[in-house]
Structure formats: structure tokens, C-alpha cells
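Engineer: Can you keep this structure in mind? I'll have questions shortly.
Read-outs: derived from the displayed coordinates by stated rules, not from any lab. Treat the numbers as computed from the prediction; the structure is a model and nothing was measured. Cβ placement follows ideal geometry from the backbone for every residue including glycine, while neighbour counts extend to all protein chains displayed.
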Amino acid sequence: MSRRKDKTARLKEEPEVPNAFGALGALDGLGDLPAGPEESVPVKISKRGQKNTSRGRVDIVRQTAHRGGKAVIVVKNFTGIGLPEKKELAKVLRKSCGVGGTVKDGCIEIQGDKRDEVKRILTEAGFNPVFAGG
């Protein structure tokens, strides 16, 4: 006898399994089951759309070394911020200060001595900027 014939013979011989949940259909309209709680669940308010006001301390340093005597503002010591967000923040800083700049080694470099403007923008972004060094 082939395997196919064995399988079909077994399927014919096995009894049908009764539906274990068939009896629950009769309870539908009887009201035997208790009602669930009618208390309202408190709505959680997400912080996604809001500005984060405690993003940590960042240092603002003015450097002139190895730059031909020209001043550069370096913003460093970011915590919990990724590279794409640093690039976006650098873009905002460059545009509002009207100067050039870049992101190098996890620090934002802005050309020129624009410490006050950089501090204002970082404060608006939720950081706690501190002037460090010269």
C-alpha cells in the first residue's frame, strides 16, 4: 500500500473532534457573564510634540589655535543627541548667525565669534549652554 492510501485511510478512520467552544454560543444573550469595568482609562500625554527643556549642559568654547588667528566657536559635550540631530542643529546655527560651520568629531564648529547668538539658540533648543575656556 502506498503512503497516500495510508493517509487517506487514516483520515477516514479518525473521529471528528467536537467543538470545545460550541456551548459558549448559547450564553451570548443570557447575561451570565459579568460586565467589564466602566471606569475611563486616563489618557497619557505624549512628549513627542513638545520641546525638551532639560537636554543637558553643553560647552561653548572659542578657539583660534591652528586657524590663522581667526576665531571659531566649538559647541561640545552633547549627551543623548545623535549625529543627524547635530547636523540639523548646526544648520540652524549657521543660518541664524549668517556664517559657515560644520560638525566634526561630534562637535559643532561655527565660524566667527558668535557666542551670544549660539547661546541663545541652544537655550531655545532646550540645552543649558555654558561658556568654557577662552
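Engineer: Stretch LYS91-ALA132 to full length: gain in nm at 0.36 nm per residue minus the Cα-Cα span?
Structural biologist: Taking 0.36 nm per residue and subtracting the Cα distance, the gain is 12.5 nm.
Engineer: Measure off 7 Å from each Cα along the Cα-to-Cβ vector at THR123 and LEU83, then give the distance between these two points in nanometres to one decimal.
Structural biologist: Simple spin-label model gives 3.2 nm for this pair.
Engineer: Pairwise over distinct Cα atoms, reciprocal of the mean inverse distance: report the Kirkwood radius of the range 57-131 in Å, one decimal place. Can you show the working numbers first?
Structural biologist: Values: mean 1/r = 0.0823 Å⁻¹.
It is 12.2 Å.
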